[in-house]
Amino acid sequence: EVGGLLRALRDGQPLDDHLIAEISVAEADLRDRMRSPNLRDPLLRAAIDRARRRGVQVLLLGTSPHHRPVTAALAQSIADSIDDIPSGTVTVRTIRPGRDGVISLVRADGQASEHLVFSAEGRLVTRH
């Protein structure tokens, strides 16, 4: 991923809008790996990349050693929720143990915002 972008820069490829967008997506992905390694499911990662390429700001937060990776069903639910927003922002946060749900997702588009909480099985627990 990053290697190809670095080679393009090394080889003098012009910094056009496409290359800048790809660099931005790669930088955000590296940041996600550090901030939320438990949210590295390939399906979820693909949805996040698609959202970023269409201009959605995606922020992943919250990780600790005791958080386990997301289940396939949870990744699908989060990915579907991210794919549903055409523009705006999405914040995905892991929830501390002992609370309802395991993932909190807030999406906003300038007109409205929505807060979703998902169980480990991908079931929607609450929607505000």
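The values are calculated or read from the model by the stated rules, or taken from the named source; none is laboratory data. The structure displayed is predicted, hence computed values, not measured ones. Heads up, the Cβs are rebuilt from the backbone with ideal geometry, glycines too, and the neighbour counts pull from every protein chain shown. Ligands, DNA and RNA are excluded from the accessible area calculation, which covers all protein heavy atoms including side chains. Shrake-Rupley method; radii C 1.70, N 1.55, O 1.52, S 1.80 Å.
At a 1.4 Å probe, what is the % contribution of carbon and sulfur to the accessible area of the chain?
C and S fraction of accessible area: 54 percent.
Hull surface divided by four, with the convex hull built on the Cα atoms of the range 69-128: how many nm²?
Averaged projected area of the range 69-128's Cα convex hull equals 3.9 nm².
Give the Rg/Rh ratio for the range 13-128, taking Rg as the radius of gyration of the Cα atoms and Rh as the Kirkwood radius, to two decimals.
0.98
What does the helix-only formula give at 222 nm for the chain: each DSSP H stretch with n ≥ 4 adding -39500 (n - 2.57), the total divided by the residues, and the result rounded to the nearest 500 deg cm²/dmol?
-13000 deg cm²/dmol
Rounded, prolate or oblate: which one fits the range 1-53, using the alpha carbon gyration tensor with axes a ≥ b ≥ c (rounded when a/c is under 1.5, else prolate when a/b beats b/c, else oblate)?
Prolate shape, in that a/c is at least 1.5 and a/b is the bigger ratio.
Counting DSSP beta bridges with both partners in the chain, what percentage is antiparallel, nearest 5?
Around 75 percent of the beta bridges assigned by DSSP in the chain are antiparallel ones.
Please check the chain for the longest run free of GluC sites (Glu not before Pro) that are loop-located per DSSP (anything but H, G, I, E, B) and have at most 12 other Cβ atoms within 10 Å.
Between exposed loop sites, the widest span is 2-120.
Projecting each Cα onto the charge dipole of the chain (Lys/Arg +1, Asp/Glu -1 at the beta carbon, about the Cα centre), which of Leu19, His115, Ile82 comes out farthest on the positive side?
Checking the options against the dipole of the chain, the answer is His115.
Indicate, rounded to the nearest 5 percent, the antiparallel portion of the DSSP beta bridges found entirely in the range 54-128.
Given both bridge residues lie in the range 54-128, the antiparallel proportion sits at roughly 75 percent.
Against the longest principal axis of the chain, how steep is helix 72-83, in degrees 0 to 90 to the nearest 10, with axes from Cα atoms?
Rounded to the nearest ten degrees, it is 60.
Quick one: 3J(HN,Hα) in Hz for the range 35-46, Karplus 6.51/-1.76/1.60 with θ = phi - 60°, rounded, Gly and Pro as x.
So the Karplus estimates, Gly and Pro as x, are 6, 9, x, 6, 10, 9, 4, x, 5, 5, 4, 5 Hz.
So what is the relative contact order for the chain, in percent, with contacts set as C-alpha pairs under 8 Å and at least six apart?
Dividing the mean separation by the residue count of the chain yields 18 percent.
With a 1.4 Å probe and all protein chains kept in place, how do Val2, Val92, Val70 rank by accessible area, largest first?
From most exposed to least exposed: Val2, Val70, Val92.
Return one whole number: the accessible area per residue of the chain in Å², for a 1.4 Å probe.
58 Å²
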